[in-house]
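Below: one structure, written as C-alpha cells.
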Amino acid sequence: MTTHDTRPGSSGGADTPGPLYGGPDDDYTPEQLAAMPREDLDRLGARYDGVEILHVDPGPEPGSPMEKRAIRQVGLLFTLAGLCAFAFVVVYVGSGWFFPDWQWDVTETGWSAFFTPLLGLTMGLSLALVGVGLVLYSKKLLPHETAVQDKHDGSHFDRVTTGATLVGGLHNSGLARRKLITRSLGFMGGGLGLMLLMPLGGLINNPNTGNPLGRTAWAEGVRLVRNDGSPIRPGDQEPGSLETVFPAVAGGNRQSDAATMLIRLRPAQLAEARPREGQDEFGYGDYVAYSKICTHAGCPVSLYEQETSRILCPCHQSQFDVTQGAKPVFGPATRSLPQLPITVDDEGYFVARGDYPEAVGPTYWNRERI
Amino acid sequence: MAATATATGAPTSRLGKQAVEIDDRLIVAGPLRRTLNKVFPDHWSFLLGEIALYSFLIALLSGTYLTFFFDPSLREVVYEGSYAPLRGVEMSAAYDSALNLSFDVRGGLFMRQVHHWAALMFVASIVVHLLRIFFTGAFRRPRETNWLIGVVMLVLALLMGVTGYTLPDDLLSGTGLRIISAIILSIPVIGTWAHWAVFGGEFVGELIIGRFYIAHVLIIPAILLALIAVHLLLLVKQKHTQFAGPGRTEHNVVGNRLFPTFAAKATGLLFVVFGVIAALGGLVQINPVWLWGPYNPSQVSAASQPDWYILFLDGSTRIFPAWDINLPGDYTIPALFWPTVVIAGAMFTLLALYPNIERKLTGDTASHHLLQRPRDVPVRTSLGMMGLTFYLVLMLSGGNDVFADKFDVSLNAMIWFGRLGVIVIPPIVYVLTYRICLGLQKHDREVLEHGIETGVIRRLPHGEFIEVHQPLGPVDEHGHGILAYGGAPVPKKMNQIGGARRAIRGFFKPIEEPAQVELEQRAEGRGIAADERRELTSSGRPSEGGRPSEGGRPSDGGRPQAPRD
C-alpha cells in the first residue's frame, strides 16, 4: 500500500482535514495574524484564554535614573550571589587543600569548627540573594499589569454530553441486565482484594506465645550487675543512693525491659517505708529494687530526689514514691513500678529471687490477664 | 515582529524555526499559552502554600543525598569514626552511619541539618497555610476536597517527621520510639497485636528502623507527591480565591499573569526559601545526635522533647490525669490511649470535617471564590482561635519541664496549669475573639457611615468643638455615608486615601523630581483598583469642588463633613 492509495480504509489518499478540524485557525488567517503587532497578538491570545489585560504600568522609563538605579541594584545582587556561590565552592573544595582540614575534632576551635557554618552562610546568602534579586527585578523593572481572568463554573453542556457518553457505555455493556456478570464481578473483586491483602499477614505475629511482655531476663539466682558487668555487695552503696543494675545474662544491659534501680534507703526512709501488699519481703535490709521502665510510656525513670523519696520520669513527669512501694504520686502514670525480689547469694552478691511478679513497662489491654 | 516572521507568520529567526519544529511534534503552543496567560491573584498570604511546596522539594533533594550514606540497620557495631568521645562505643549501624555522615562525609553535616530544617519548615508552613485557609474561609465550596487533601498531607507530614527523626537511633529518638511503642500497646483490644505487627515482636526488635526507613523514604513521600499533584491540579482547575476588592467578583480572578510577573516572583520566593533553609542548615545547629549518644533502654536525658510539631501530643500526654479504665474481665484501657490516639484522632478528624460541619450549621451551600475577612465571620474566627489556643496550651505543656526549670516554678504547678488551662483558656479566647471581631466590624461600619477622623478640630460658631471627618463616598441628607460594606478593608487613615503624597524615592539623594511625583500622583489611574480609589479620594476634596453627588446638603459645599448624631 502506498501513501497515495485512495481506497476506503486506507491511510493515504486525499488527506484533508475533516469538518471537525479547525478552531481559531479558521477565524484568523496567517495573513491576518501576520499583520497584527506583537502586543495585539498577546492580548488576542489572552482574550482567547478568558484573560483581559486591564491596565499596564510600563515600568521605569528606559534610561531614567529610576531604571539605572534598579538595574544597578539587581545587577549587584546577582553578582553578590555569584560571588557567594563561588565562595561556597572554594570552602568546600579548599578545606584540607589550601585551607586547614574540614574534619572536626572535639578539641579544635579553628577552621573545621567554621566549615559547616561557612557552607551554610555562603549557600544561604547566594540563594537568598538570587531570590531577592528576582523579586526586585519583577517589582522595579517589569511592567505591572492588572489582568482579569474569567472563572467558569461547570458547563451544563459538558455535563449532559459526558453523562450521555458514560451512560451509553454502561448501557451497551448491559451490566444492568446481565446479573450473573455483575454478581460474579462483585464476587471476583472481593476475592481478589482479599487475596492481594493476604501477604500482609506476614506482619501478624501472636504477641501471647510465651508471654514476652510479662517476662524479663530476671530469674531466681540471677545476679544484679552494673552496666560494666560487676556484681554488687550490700556494702557498696551509700544510704540514699541509686544504681541502675541489669541481670547478669548475655546482653542484659541492652534489654529493653530488664533495667532495674537498686536503691539503698536512708534510715528515715526505711522507718516510714510502706511496701505494697504481699511484697514486704521483696527488699533486702535497707535495699529495694524497682523496675526502671516507667509504667506509663516505657521511658527509663531516672531522676531520683532522695530528700522527697521521689523518682521522676523525665518524659511525662510521672512521680513515684520509693517509700510507698514506688506508687505513682503525681503525673499520668497509674501503676506502681514493679518491685524485684532480691536477696544475697553465698558469695555476698545481690541476686534476684525470681522474675518481677507482674509485667514491667506500659499498661496494655490484657495485662492483668497474663 | 516584522523581523521575525514572514507575511504568513512563518518565523524567520533560528529560535522561531526551532519552536515551530517542536510544536509540530508536541503540539504544546496552545496549552503553553493557556498556562502563561493564567492569572494569579496577588497577596502575600497566597504564598504560604508555596513555601511548603519548596520546603518539601528541599527535603526531598537533601534526603536523597542522605540515603547515599545512611544504613538503616539495628545491627550492633563498634564506632571507629573520627568523633573521639564515642570511639569504641557499641551502637547500631544506623547511629554509626548517622555519625559518619556528620563527621566523615564532606558537607554531610550541612546536608543533614538542611534536611532537618527543611522538614521543620515544611510542617510549619503547612500549618500557617492551613490557618490562612481556615480564617479566610477558602475551604468553602467548591474547595472542600482540597481542604481534605491538605489535612491528609499535614498528617502525612507529621508521620514523615516522626519516622524521620527516629532513624538515627540516638538516645533521644530511641526514647521517642519507646513512647511510640507504648502508644501502640495502649490501643484497646488490638494493642499488643498492632505492636507485634509494627515492631515484628517486642520492643525494640531488629526490624523497626528498616521499616520506618522505607516508610520515610518511599511510602509516605510517594503518597505525598501524588497528593501534592492532585492539590495543585485542583488549584489550577478551580482557580485561586481572592480577597474582595474593586472589580473582584465571584466569577473572575484579578491579578498578574503567570508570565512573566508571577513566575519571576514565585521563582524569587523559591530561591529565598532555599536560601533561608541553607543558611539555617549551616549556621543553626539542630539535633546534634553525637551529643545524645546511642540509644540505650536504661538511659534518658532530662528535657527530652520531640520536634515541635509532635510537642502538642507530648503535652497532652503529660497533663492527662492517671485514669486507667478497668473493665470487667481484667481488661484495661490504659490512660496513655486517650491523650495520644484519641486526642490526635479527634483533632484531625474535626479539622478534616470542618468544612462539612460549617456547611451543615450555616446552611451555606453556595460556591465561594471571594475570601472573607476573619472579622466578618466571628463564630468561625472565634472557633479557630479557640482550637488554636487548645493546641498552644498542649504545646506549652509539652515543654513544661523546661519552663519549670528556666523560670524556677514548680513542675507540678505547670502540670496543673496545663490541666486547667486546656479547659478554661480556650472558651475565654472564644469570647474575647468574638468581641474583638464585633468591635472591628463596628468600626468599619462607623468609618463608612461617618468618614475617617482627620484629626482636624473645628470650632463651630456657638462654641462647640467638633472633629472633622472625611467621608469615603457620597452621603445622604443626614451626612451619613451611603457606601455599603463590601468585605474589603476599609481605609482608616487619611494617607490610605491619598491624604498625603507618597515619599520621594532615593536614599542619599532624591532620584525623582518632586513635581513629577505630584503630577504622577494626580494622573494616577491604574487599572480598576485606582478607578475605585480615585472615586473615593477625589470626592469631598475642597480643591476639587465638592463631591459628585452632593446629596441634600448644598450648604456644606463639598467641605469635609462634621459628624452628626
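The values are calculated or read from the model by the stated rules, or taken from the named source; none is laboratory data. It should be emphasised that the depicted structure is a prediction, and the values quoted were computed from it without experimental measurement. Note that we place each Cβ from the backbone using ideal geometry, even for glycine, and neighbour counts take in every protein chain shown. Ligands, DNA and RNA are excluded from the accessible area calculation, which covers all protein heavy atoms including side chains. Shrake-Rupley method; radii C 1.70, N 1.55, O 1.52, S 1.80 Å.
Points to keep in mind about this one:
- When all protein chains stay in place and ligands, DNA and RNA are ignored, the 1.4 Å accessible-area order of A:152, B:443, largest first, is A:152, B:443.
- Global geometry of chain A, whether rounded, prolate or oblate, following the gyration tensor of its Cα atoms and the 1.5 cut on a/c: oblate
- Of the GluC sites (Glu not before Pro) found in segment A:278-331, those in coil by DSSP whose Cβ has at most 16 other Cβ atoms within 10 Å are A:281, A:307.
- In a DSSP loop and with at most 16 other Cβ atoms within 10 Å, the trypsin sites (Lys or Arg not before Pro) in segment A:199-228 are A:215, A:226.
- Between residue B:466 and residue B:235, the simple spin-label model (points 7 angstrom out along Cα→Cβ) gives 5.1 nm.
- Centre separation in Å (Cα based) which lies between segment B:203-280 and segment A:308-370: 49
- Near residue A:279: Cβ cut-off under 15 Å, other residues only, Lys/Arg at +1 and Asp/Glu at -1. The net charge is -1.
- Maximal additional length on extending the residue B:106-residue B:496 stretch stands at 135.0 nm, based on 0.36 nm per residue less the C-alpha distance.
- Global geometry of the protein assembly as shown, whether rounded, prolate or oblate, following the gyration tensor of its Cα atoms and the 1.5 cut on a/c: prolate
- Listed residues B:101, A:161, B:182: farthest to the positive end of the dipole of the protein assembly as shown (Cβ charges): A:161
- Peptide packing: for B:395-406, B:66-77, the average count of neighbouring Cβ atoms within 10 Å per residue gives the ranking B:395-406, B:66-77, highest mean first.
- Whole-percent carbon and sulfur share, accessible surface of segment A:261-328, 1.4 Å: 46
- Protein-only accessible surface order, largest first, of A:198, B:91 at 1.4 Å: A:198, B:91
- In nm, spacing of pseudo-spin labels at residue A:28 and residue A:305 (7 Å Cα→C-beta vector): 7.9
- When B and A come together, around 8700 square angstrom of accessible surface is lost from both chains combined, probe 1.4 Å.
- Occluded residues from segment A:104-123, i.e. those whose accessible area drops by 40 Å² or more once the chain is not alone (1.4 Å probe): A:104, A:106, A:116, A:120
- Loop GluC sites (Glu not before Pro), segment B:457-527, which have at most 16 other Cβ atoms in a 10 Å radius of their Cβ (DSSP): B:464, B:477, B:512, B:524
- For the protein assembly as shown, adding -39500 (n - 2.57) for each run of n ≥ 4 DSSP H residues and dividing by the number of residues yields -15000 deg cm²/dmol at 222 nm.
- When the other protein chains are added to the chain by itself, burial of at least 30 square angstrom of heavy-atom accessible area (probe 1.4 Å, ligands and nucleic acids ignored) affects these residues of segment A:289-335: A:296, A:297, A:300, A:314, A:315, A:316, A:317, A:330, A:331, A:332, A:334.
- Share of carbon and sulfur in the accessible heavy-atom surface of segment B:52-111 [1.4 Å probe, %]: 62
- Descending by average beta-carbon neighbour count within 10 Å, the peptides A:119-127, B:338-346, B:267-275 line up as A:119-127, B:267-275, B:338-346, the highest first.
- Drop in accessible area of at least 40 Å² in the complex versus isolated chain, residues of segment B:28-47, 1.4 Å probe: B:33, B:37, B:39
- With all protein chains kept in place, the per residue accessible area of the protein assembly as shown amounts to 51 square angstrom at a probe of 1.4 angstrom.
- Cα centroid separation - segment A:24-60 against segment A:215-257, whole Å: 84
- Averaged over peptide B:187-197, the number of partner chain Cβ atoms lying within 10 Å of each residue's Cβ comes to 5.
- Inter-chain shielding of B:163-176 (mean C-beta neighbours from other protein chains, 10 Å cut-off): 1
- Each peptide in A:345-357, B:378-390 was scored by the mean count of other Cβ atoms within 10 Å over its residues; highest first, the order is B:378-390, A:345-357.
- Here the convex hull built on the C-alpha positions of segment A:25-132 has a volume of 227 cubic angstrom per residue.
- Peptide B:177-184 has a mean of 5 when you count, residue by residue, the C-beta atoms of other protein chains within 10 Å of its C-beta.
- Counting only protein heavy atoms and using a 1.4 Å probe, the accessible area of residue A:26 comes to about 110 Å².
- Förster radius 30 Å - calculated FRET efficiency between residue B:228 and residue B:432, Cβ distance, rounded to 0.05: 0.25
- Oblate is the label for segment A:94-199, because the ratio a/c of its alpha-carbon gyration tensor axes (a ≥ b ≥ c) is 1.5 or higher and a/b is not greater than b/c.
- Reachable lysines, given that their alpha-carbon falls under 28 Å from the alpha-carbon of residue A:68 and they are not under 8 places away in the same chain: A:139, A:140, B:265, B:509
- What separates the Cα centres of segment B:372-422 and segment B:478-495 is a distance of 37 Å.
- Solvent-accessible surface (1.4 Å probe) assigned to residue B:437 amounts to roughly 10 Å².
- A probe of 1.4 angstrom, applied to the heavy atoms of all protein chains, finds residue A:296 with accessible area near 10 square angstrom.
- Positive-pole candidate from A:287, A:224, A:256, dipole of segment A:217-370, charges at beta carbon: A:256
- Placing dummy labels 7 Å off each Cα toward the beta-carbon, the span from residue A:90 to residue A:48 is 5.2 nm.
- What the Cα atoms of segment B:196-355 give is an Rg and a Dmax of 23.4, 70 Å.
- Residue B:423-residue B:513 FRET efficiency (beta carbon distance; Förster radius 45 Å; 0.05 resolution): 0.10
- Placing +1 on the Cβ of every Lys and Arg and -1 on the Cβ of every Asp and Glu, with nothing else charged, gives chain A a dipole about its Cα centre of roughly 1000 debye.
- Sequence-ordered 3J(HN,Hα) estimates for segment A:271-283 from the Karplus curve with 6.51, -1.76 and 1.60 and θ = phi - 60° stand at 5, 9, 5, 10, x, 5, 4, x, 10, 4, 8, 6, x Hz, glycine and proline given as x.
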